[in-house]
Structures are given as structure tokens and as C-alpha cells.
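So the structure is just underneath, and the comments pick up after that.
The values are calculated or read from the model by the stated rules, or taken from the named source; none is laboratory data. In this text, all values refer to a predicted model and were calculated from it rather than measured experimentally. Ideal geometry is used to build each Cβ from the backbone, glycine not excepted, and the neighbour counts take in all protein chains shown. All accessible areas refer to the heavy atoms of the entire protein, side chains included, with ligands and DNA or RNA removed. Shrake-Rupley method; radii C 1.70, N 1.55, O 1.52, S 1.80 Å.
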Amino acid sequence: KLIQPKIDEVINRSKQKKSDIIVILDQVTDPNNIGSIIRSCALFNCKSVIVSKDNAPELNANIAKAASGALEIVNYISVVNLSRTIVKFKKNNYWIYGFDSSSNSSEKIINIAKKSILVFGSEGKGLRNLTKKECDALISIPMEKQKKYNLDSLNVSNACSIALFEHFKKNG
């Protein structure tokens, strides 16, 4: 079993870094999506994925398989309260971006701060209101929605990969 760091350890390690990116998953439950997200994190310099203890699976074989070895690089940290965790990061100079495909925000994905948290909601329901309230900005990824076929959002792991790439492109 992999020993995962505490949130305070992650924050303390980040204090020496100019740039840091962390992913928070709000009620994302599909092990394949979580594993894919962890794999993307490894490739785009994100060292931690944070989930809620009650609303996400524990690490399991399906997540490990989808992560393709990335669990050796990326922390998978369960916390009791996502909102309190977000507040802790905010107090340590992180900018919090909630991804919301229904957001009418004019904010586009291009300006992700050096120290950022990317928050993604569950497939279908999206971000919970409590989580949304803690975000500094709600953004959506610009795309051509296909109304005829009812395609109006990306799979959560694809959306996360795009956001991680945008941060990586700018901050390395």
C-alpha cells in the first residue's frame, strides 16, 4: 500500500516551488476516469490528486491499471472535507479553478496561475455548490457543442488533461 502524504505536507513542499498544480476531484467515482486523470497528472507535472473520503473510491486495481504506473509518481490523497482543504490551499497562495461545462463565464482556460488547483466535478452532476463557492473562478473549456447528438461536455479525464496541458505549456 502506498503511503500518501497529508495535505499540510503537500502545502509545505510547495512553498519552495514557483509553480505547482494540483487536481481535486469532487465526487468523481469512475475508476477508469480517475486512473486516466492520474496518468495525465504524471505527464503534465502534477504531483497530487485530492478526493473526498466519502465520495470517491479508495485506490484499487482498476485505478492502478488505468493509471499505467503513474501511481508511483502522483499522490492520491483522501480528505474528509474538500471545501476546508481548498481554503487551506487558498491561504497558501493557490488560485482555485472550478471546471463547469455549464458555466457561462467568459473566463477561458488560457490564464491558469502558476500555483493552481483544478477542481473537476462528477460525471453528470458536476461540481457541488459548496465546492463551487470556494473557487476563485469557474471556467469552461471552449468547444463546439453538438446539440443534435446531445454532446455538450467532455469526459472528466479529457477535460482534466486539457487543463493540465494549458498549465504545463505556460509553466513547464
Q: State the antiparallel share, in %, of DSSP beta bridges confined to the chain, rounding to the nearest 5.
A: 10 percent
Q: Might you tell me the accessible area per residue for the chain, computed with a 1.4 Å probe and given in Å²?
A: 55 Å²
Q.
Within 10 Å, at most 14 other Cβ atoms, and a DSSP state outside H, G, I, E, B define an exposed site. Report the longest part of the chain free of exposed GluC sites (Glu not before Pro).
A. 1-57
(Q) Full-extension gain between Lys6 and Ser78, please, as 0.36 nm times their residue separation minus the C-alpha to C-alpha distance. (A) 25.0 nm
Q. Carbon and sulfur atoms: what percent of the 1.4 Å accessible area of the chain do they account for?
A. 50 percent
Q | 222 nm mean residue ellipticity, helices alone, for the chain (DSSP H n ≥ 4; -39,500 (n - 2.57); rounded to 500) | A | -10000 deg cm²/dmol
(Q) Check the chain for me: any Cys whose beta-carbon has no other cysteine beta-carbon within less than 4.7 Å? (A) Cys135, Cys160
Q: Hey, can you grab everything whose amide H is under 5 Å from the amide H of Tyr76? Only 5+ residues off in sequence or another chain; H modelled, so Pro and N-termini drop out.
A: Val49
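Compute the longest continuous run of the chain that contains no exposed trypsin sites (Lys or Arg not before Pro); treat a site as exposed when its DSSP state is not H, G, I, E or B and it has at most 14 other Cβ atoms within 10 Å.
Numbers: sites that count: Lys1, Lys6, Lys15, Lys17, Lys18, Lys53, Lys91, Lys108, Lys125, Lys145.
No qualifying site falls inside 54-90, the longest such stretch.
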Q | Listed values [x] 37, 19, 13; [y] 23, 19, 16; [z] 24, 23, 13, entry calculated as semi-axes √(5λ) of the Cα gyration tensor in Å | A | [y]
